Amino acid sequence: MMMATTVEAETKSDFRAETRAWLEANCPPGARDLSQAPENSFWGGRHPVYPSADQKLWFERMAARGWTVPDWPVEYGGGGLDKTQSAILAQEVKRIKAASPLQSLGIWMLGPALLKFGTEEQKRKYLPEIAQGKIRWAQGYSEPGAGSDLASVQTRGEDKGDHFLINGSKIWTSSGDKCDMIFALIRTEPDAPKHLGISFLLIDMDQPGVTTHPIKLISGSAHFTATFFDDVITAKENIVGTRGRGWDVAKYLLGHERQMIGSSLSNSTVEPLDAMARRVLGEEGLKREAGLRQAIAQHLIETWTMDIAVERMRDMGQARQMSAFTPNVLKLLGTELNYRRSELAMSLGGVDHLVEGSPPAYNWLQAPPNCIAGGSNEVQLNIIAKRALELPEA
Ligand SMILES: Cc1cc2nc3c(=O)[nH]c(=O)nc-3n(C[C@H](O)[C@H](O)[C@H](O)COP(=O)(O)OP(=O)(O)OC[C@H]3O[C@@H](n4cnc5c(N)ncnc54)[C@H](O)[C@@H]3O)c2cc1C
């Protein structure tokens, strides 16, 4: 047993040393130390837009090793790393403050759903494309009458033999106007009970009948679209999972979305609050602000606790012991922690932080929507209360 543990530790430290050396040699300076603002992100797609030459190089080098999706199997375009190696890679990437090489709903959401529910053909077709950033995916869940009550979706898919004819609309489609394909919840069995009449379909957005209308936000920007389907076609082979049982796929995917939102925010690459406070107020100024010091200390403790919780979740996932409700808890805690952090950062920097595109301003504007995306935090509380804790309804 001792021997095995020693060998395991040595293997881990070899992997860490090799990974560290490779990252140092291959991550160009222009792909490090970037804020999370959208203009610094690479999203792939049929018409890729690289934020910089360095980020293009960084993406290409990581994709060549399968390290855009390090823990996916090699035969589907992944890096074939185990969970421990993936965690080490993530730590080393964070250590050198490297940007994510590829942002992608395909990686965070659709890929895991395909790995679990996809046919072998679907996996071989779509997963390598996701890993290589060839397709930019949109999420077609929400509708004007189906947000928190997601199973009420009404966009319908009529059975036309070898394909479905799709009519209806989706809303809050993130970057819908920039995406190539959409994974969507479509009502294919209109007479079945609402949770049993939905199919999970993959639809090409580059076809007649798909239109996207940008939704302008109070800030003036338009990250979302309303997405309309008028006699849009998708082949039956594009159903993921069983026809009419898309709700199972949808829920599984939401678990990954929530986990991703909760854990990525806790690992945020933004400047630590204590460093920011010293920079803005100076050492002497900070000494005079007892209340602020306490709030920052409290926040740092909570962030540290959250990082440990995320680490623990990874270990439990690896041991297949993760509770089905872990993603709900992570999403709730991660987004609320981030919300408090962004408020503190703004109170520190005041109006100077409102410079559009600056990391604190971006984070401050993004923190409340993160509490809604992937299912609002009120809904997460309901799920935890009712299903995890089995509390009685009021
Ligand atoms: C940044 C962001 C990105 C998004 N991207 C996408 C995307 O790409 N694709 C997509 O399909 N959707 C997307 N959404 C939509 C998101 O999934 C929905 O906004 C969310 O599920 C809430 O639905 P709703 O907006 O219809 O609000 P509603 O369901 O109308 O809820 C309104 C308010 O009522 C509360 N509420 C509702 N029901 C209950 C209840 N039972 N108990 C307690 N409170 C309740 C909610 O918490 C919320 O505060 C995105 C949203 C955001 C903010």
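Kindly evaluate residue 121 against the criterion of being acidic (Asp, Glu) and farther than 26 Å from residue 258 by Cβ. Yes; evaluated as a whole, the condition is true for this residue.
Would you pick out the residues in the range 62-72 that are assigned to a loop (DSSP other than H, G, I, E, B) and without any contact (Cβ under 8 Å) to a residue 24 or more places away in the chain?
65, 70, 71
Among the residues making up the range 45-97, a single one is farther than 18 Å from residue 15 by Cα, surrounded by fewer than 21 Cβ atoms within 10 Å (Cβ to Cβ) and touching a strand residue (DSSP E or B) at 6+ places or on another chain (Cβ under 8 Å): 97.
Yes or no, residue by residue, for (1) at pLDDT 95 or above; (2) within 16 Å of the ligand (Cβ to nearest atom); (3) not in a helix (DSSP H, G or I):
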| residue | (1), (2), (3) |
| --- | --- |
| 75 | yes, no, no |
| 81 | yes, no, yes |
| 87 | no, no, no |
| 94 | no, no, no |
| 107 | yes, yes, no |
| 113 | yes, yes, no |
| 164 | yes, no, yes |
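Whenever a residue of the range 359-371 is on the phi < 0 side of the Ramachandran plot, its partners that are surrounded by fewer than 20 Cβ atoms within 10 Å (Cβ to Cβ) and among the aromatic types (Phe, Trp, Tyr), lying with C-beta atoms within less than 8 angstrom and at least six residues away or across chains, give the pairs 367/339; 368/339; 370/339; 371/339. For the range 372-386, a residue qualifies if it is more than 18 Å from residue 323 (Cβ to Cβ), out of contact with any Ser or Thr (no Cβ under 7 Å at 6 or more places or on another chain) and either of a type in the set (S, T, N, Q) or surrounded by fewer than 15 Cβ atoms within 10 Å (Cβ to Cβ) (or both), and exactly one does: 378. Among the residues making up the range 120-159, those that are without any contact (Cβ under 8 Å) to a residue 60 or more places away in the chain, more than 22 Å from residue 103 (Cβ to Cβ) and away from the ligand (no atom under 15 Å from the Cβ) are 120, 124, 156, 158, 159.
The values are calculated or read from the model by the stated rules, or taken from the named source; none is laboratory data. All of these numbers come straight from a predicted model, not from anything done at the bench. Note that each Cβ is placed from the backbone with ideal geometry, even for glycine, and that neighbours are counted across all protein chains shown.
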